[in-house]
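The values are calculated or read from the model by the stated rules, or taken from the named source; none is laboratory data. Fair warning: this is a prediction, and the values are worked out from it, not measured in the lab. When we count neighbours, we look across all protein chains shown, and the Cβ atoms used for this are built from the backbone with ideal geometry, even at glycine. We work out accessible area using only protein heavy atoms, side chains counted, and drop any ligands, DNA or RNA first. Shrake-Rupley method; radii C 1.70, N 1.55, O 1.52, S 1.80 Å.
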Amino acid sequence: MERVRRLKGLWSWLPTFRVAAETEHLPTASEMLLLSPSTISRTVRLLEDQLGRDLFERRGRAMRLNREGQLLLGVVRDAMRILDEGVEAVMGASLGGVVEISVPRDFAGVFVVPTLGDLKKAAPELTPLVRDAPPSEVNGLLLRGRLDVALLLEPTPHADVAVEELATISHGVYAAGRGHPLVGRRALGLAELLEHDFVVPPRDDWPVEHRRRVGARVADLAMAADVCAETGLLASLPDVLVGAHPRGRELARLPVEPTRQSTLYVAYRRPLVHHARTEVVLDALRERSRAL
């Protein structure tokens, strides 16, 4: 009972401390918690007084976690994960609520959108929220519970984040199927290919050692496929995206090396207890990957 009495005095302050510790910025914490900065500062001070330890180094308005604060933040995160996942396990029979999924915009229509129907069948009360989170922020969002599942091309290792290979994605060089002089050839050399202009999105896994002529730059791979189908520009595209693209049948894959492959990964917070909501999403994504 002594433990219960000790924690009872701290319990209500810990969520506020966590947000203040993760942001190290009272205005940002204020926006997230819908509390005034002075209320957050007072709550952290009460916690420090109760512990008899400073948790932050303060210089003017700047605040940085000290060693004791970092230790407590790690403990609070683990405790909140266990509590959150335990509550979800209790509520898991209905598999209700919002499940947040991050996916690169280029691959949403191939891997995530087709799984939404399967998810609604498996868990009718589940509400998927699909977005494209910056890869550098994914681990933090997963660990803070603001993402449940993330699809990534380049995951960042973290002890508390599980990562699985979801799919191997092959890439090819495509041209408009009608009228392009390279279509219909049985073989092509790289030098001949590089005599033609390309439409280039921000990322298409083209080997950097082979410099190519850029005829247009676009926002994403789907737009590159549209431009390729409409013009004489070549495009380096994932084969799976071309197969799912509305104009994919208008494109012809050219017989040229090098062909490339990339890996799409799925990352999720490593569960401390069974996490049914995450598992149903993972199962749907794995099934979609096998189907492709």
Item to check | Contact order normalised by residue count of the chain, Cα under 8 Å, 6+ apart, percent | outcome: 21
Checklist outcome for this item: the chain accessible area per residue, 1.4 Å probe, protein heavy atoms, integer Å², reads 55
Checklist outcome for this item: Cα-Cα pairs in segment 205-270 separated by more than 15 Å, as a whole percent of all pairs, come to 58
Checklist entry - Helix 67-91 sits at what angle to the longest principal axis of the chain, using alpha carbons and giving 0 to 90 degrees rounded to 10? => result 70
Checklist entry - Residues with beta-carbon under 10 Å from that of ALA229, excluding ALA229: net charge, scoring Lys, Arg +1 and Asp, Glu -1? => result 0
Checklist entry - Given 10 Å bins starting at zero, what is the percent of C-alpha pairs of segment 70-214 in each, up to the one with the largest pair distance? => result 8, 27, 27, 17, 12, 7, 1
Next on the checklist: If you scale each eigenvalue of the Cα gyration tensor by 5 and take the root, what three semi-axes come out for segment 179-292, rounded to whole angstrom and sorted largest first?
Outcome noted: 34, 15, 14
Checklist entry - Taking Cα atoms, how many degrees apart are the long axis of helix 14-23 and the longest axis of the chain, rounded to 10 and kept between 0 and 90? => result 40
Next on the checklist: On the principal axes of its Cα set, how long, how wide and how thick is segment 7-46? Give whole Å, largest value first.
Outcome noted: 27, 17, 15
Checklist outcome for this item: The Rg/Rh figure for the chain, Cα atoms and Kirkwood Rh, to two decimals is 1.11
Checklist entry - How big, on average over all directions, is the shadow cast by the Cα convex hull of segment 1-160, in nm²? => result 11.9
Checklist outcome for this item: In segment 132-209, the GluC sites (Glu not before Pro) that sit in a DSSP loop and have at most 16 other Cβ atoms within 10 Å of their own Cβ are GLU195, GLU209
Next on the checklist: Tell me which trypsin sites (Lys or Arg not before Pro) from segment 21-53 have a DSSP coil assignment and no more than 14 other beta carbons within 10 Å of their own.
Outcome noted: ARG53
Item to check | Over segment 1-88, relative contact order from alpha-carbon pairs under 8 Å, at least 6 apart, % | outcome: 25
Item to check | Residues whose placed amide H lies under 5 Å from that of ASP197, excluding near-sequence neighbours | outcome: LEU234
Checklist entry - Can you run phi through the Karplus equation (6.51, -1.76, 1.60; θ = phi - 60°) for segment 223-240 and list ³J(HN,Hα) in whole Hz, with x for Gly and Pro? => result 5, 4, 5, 4, 5, 4, 5, 8, 10, x, 6, 7, 8, 8, 9, x, 4, 5
Checklist entry - Per residue, how much space in cubic angstrom lies within the convex hull of the C-alpha atoms of segment 145-230? => result 149
Checklist entry - For segment 144-195, max minus min Cα coordinate along each principal axis, in Å, sorted largest first? => result 53, 21, 17
Next on the checklist: Pick from PRO155, PRO27, PRO271 the residue whose mean-square fluctuation is largest in a GNM of the chain, springs joining Cα atoms under 10 Å.
Outcome noted: PRO27
Checklist entry - To the nearest 10 degrees, how steeply does helix 276-291 sit against the main Cα axis of the chain, on a 0 to 90 scale? => result 10
Next on the checklist: Please give me the summed charge of the neighbours of PRO202: other residues whose Cβ is under 14 Å from its Cβ, Lys and Arg +1, Asp and Glu -1.
Outcome noted: -3
Checklist entry - Roughly to the nearest percent, how much of the accessible area of the chain is carbon and sulfur, given a 1.4 Å probe? => result 53
